[in-house]
Amino acid sequence: MIIIGISGGTASGKSTFSKKIIHFFRDWDIKIDHLELDNYYKDFKKLSTGQRNSMNFDNPNSIDFKLFYEHLNKISQGSNVDTPTYCYKTHLRKKKTYRINKPDVLLVNGLFILLNKKIRDFFDLTIFLDIDSDTRLKRRITRDILERGGKMNLIKNKYKNVIKPMHDKYVEPNKKFANLIIDNNTNYKSIYQEIEIKLNKIDKKNKKI
């Protein structure tokens, strides 16, 4: 198994890029799956709706890193894992889970996946989506209005006063840990080629065993 970490700021396209990788390798005889850090927000069911809505979900303290590490470790060792899923409208964990069943390639994406060395050590390849702030804000506005019922003024204020400061403090500095950095002008073919190299190395290694 190879594990690829994909990080970047809010609305930088982490989930979309994961889907592109899965689509690119659809004709390969390999099993690709994904693990999203967003599904590991802590379960705040004991808090009122108002309290949950006012929380800072762009601070890493909102993530259940203990459970995330436990699941990532089990997956890396070849175990099946039922991962949580999260509702972003209610800020609660859903009852349903998502099963990851021994993939050949695991794509892990999230804001803070490069923050902790214990987690970085799982990755065979790390990618950072270095998309400019204005582009990410436009994407965030569109997403939050369409998918989460947000209002434009509130989204802009939150981005300026909460999201960007948290990004500058907890996300941007971890770009230095990425093997590959993608900006708006990056040719994705070069990224796929890098992944192919990793896959071929593992295939050769397995054939020797």
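The values are calculated or read from the model by the stated rules, or taken from the named source; none is laboratory data. Values in this document were obtained by computation on a predicted structure and should not be read as measured data. Please note: Cβ atoms are built from the backbone with ideal geometry, for glycine as well, and neighbour counts cover all protein chains shown.
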Helices (runs of 4 or more DSSP H) (entirely within region 107-181) containing at least 1 residues that are at pLDDT below 90 and more than 27 Å from Lys66 (Cβ to Cβ) | 133-148, 152-158
Selected residue (only one of Lys102, Lys74, Lys96, Lys118 is of a type in the set (Lys, Arg) and at positive phi) | Lys102
Restrict the check to region 121-136 and report whether at least one residue is in contact with a helix residue (DSSP H, G or I) (Cβ under 7 Å, 6 or more places away or on another chain) and of a type in the set (Lys, Arg).
-> no
Conditions: (1) under 27 Å from Lys198 (Cβ atoms); (2) in contact (Cβ under 8 Å) with a residue 24 or more places away in the chain. Pro84 meets all but one. Number of the miss?
-> (1)
Any idea which of (1) assigned to a helix (DSSP H, G or I); (2) at pLDDT below 90; (3) surrounded by fewer than 17 Cβ atoms within 10 Å (Cβ to Cβ) is the one Asn184 doesn't satisfy?
-> (1)
Inter-residue pairs, beta-carbon under 7 Å, first touching a residue at least 60 places away in the same chain (Cβ under 8 Å) and more than 25 Å from Lys160 (Cα to Cα) and in region 1-28, second among the hydrophobic types (A, V, I, L, M, F, W, C) and part of a loop (DSSP other than H, G, I, E, B), 6+ apart | Ile3/Phe122; Ile3/Phe123; Ile4/Phe123; Gly5/Ile113; Gly5/Leu114; Gly5/Phe123
Tell me which residues, restricted to region 92-118, are β-branched (Val, Ile, Thr), touching a helix residue (DSSP H, G or I) at 6+ places or on another chain (Cβ under 7 Å) and surrounded by fewer than 14 Cβ atoms within 10 Å (Cβ to Cβ).
-> none
Considering residues that are over 15 Å from Leu114 (Cβ atoms) and under 18 Å from the mean Cα position of the chain (by Cα), the number found within region 156-167 is 2
